[in-house]
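One structure is given here, and the rest of the page talks about it.
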Amino acid sequence: MNFTPLFLPRARNELIEAWEWYEDKQTGLGDKFKKEVFAVIEHITAHPAHYPLKKKPYREALIDVFPYVIIYRALSKEKVIVIQSVFHARRNPRNKYK
């Protein structure tokens with residue numbers, strides 16, 4: 001049974017900002033970005049322990065086509081994936097878990 005994704009406000013804002021940035025660069029690129037992010041989230045919800053545990057309790061899933069990492073934690077009892085951040089890989093890594 002798949003987990004349910006839950007975006008924290010920070011992650012939701014990061015996703016929207018990235019979508020807008022890519023869409024400004026090229027029409028349709030923002031949609032491609034969003035599609036890639038949600039494909040990874042779909043995999044996370046099906047296999048929450050697949051991605052490496054980086055800083056307990058957070059795991060990181062890379063987006064293949066775009067330089068982003070999805071930072072999340074799984075709440076097993078509730079069957080929820082809490083998406084902490086949709087983090088640009090070139091930003092300061094110290095800000096990943098803030």
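Looking only at the range 63-81, count every residue that is under 20 Å from Arg91 (Cα atoms), free of Cβ contacts under 8 Å to residues at least 24 places away in the same chain and surrounded by 14 or more Cβ atoms within 10 Å (Cβ to Cβ) and tell me the total. So that I can check it myself, show each step before the final result.
First, the residues of the range 63-81 that are under 20 Å from Arg91 (Cα atoms): 63-72.
From the residues that got through so far, the ones that are free of Cβ contacts under 8 Å to residues at least 24 places away in the same chain too are 67.
Now narrow it down to the ones that are surrounded by 14 or more Cβ atoms within 10 Å (Cβ to Cβ): none.
Number of matching residues: 0.
Which residues, taken from the range 52-61, are touching a Phe, Trp or Tyr at 6+ places or on another chain (Cβ under 8 Å) and either within 20 Å of Lys35 (Cα to Cα) or surrounded by fewer than 16 Cβ atoms within 10 Å (Cβ to Cβ) (or both)?
Going through the range 52-61, the residues touching a Phe, Trp or Tyr at 6+ places or on another chain (Cβ under 8 Å) turn out to be 55, 58-61.
Result: Lys55, Glu60, Ala61.
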> Thr4 is checked against (1) in contact with a strand residue (DSSP E or B) (Cβ under 6 Å, 6 or more places away or on another chain); (2) surrounded by 14 or more Cβ atoms within 10 Å (Cβ to Cβ); (3) in contact (Cβ under 8 Å) with a residue 40 or more places away in the chain and fails just one. What number does that condition carry?
Replying inline: (2)
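Looking only at the range 22-36, which residues are crowded, with 16+ Cβ neighbours inside 10 Å and either free of Cβ contacts under 8 Å to residues at least 12 places away in the same chain or more than 16 Å from Ile83 (Cβ to Cβ) (or both)? Please lay out each step first, then the result.
In the first step, residues of the range 22-36 are kept if they are crowded, with 16+ Cβ neighbours inside 10 Å; the result is 22-23, 30, 33-34.
Scanning the range 22-36 gives Tyr22, Glu23, Gly30.
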>> I'd like to know if the range 37-44 contains one or more residues that are free of Cβ contacts under 8 Å to residues at least 40 places away in the same chain, within 15 Å of Ala11 (Cα to Cα) and not charged (D, E, K, R).
In response: yes
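Values in this text are rule-based calculations from the coordinates and carry no lab data. Predicted model, so just to flag it, every value in this text is computed and none were measured. So basically every Cβ, Gly included, is an ideal-geometry build from the backbone, and we count neighbours across all protein chains shown.
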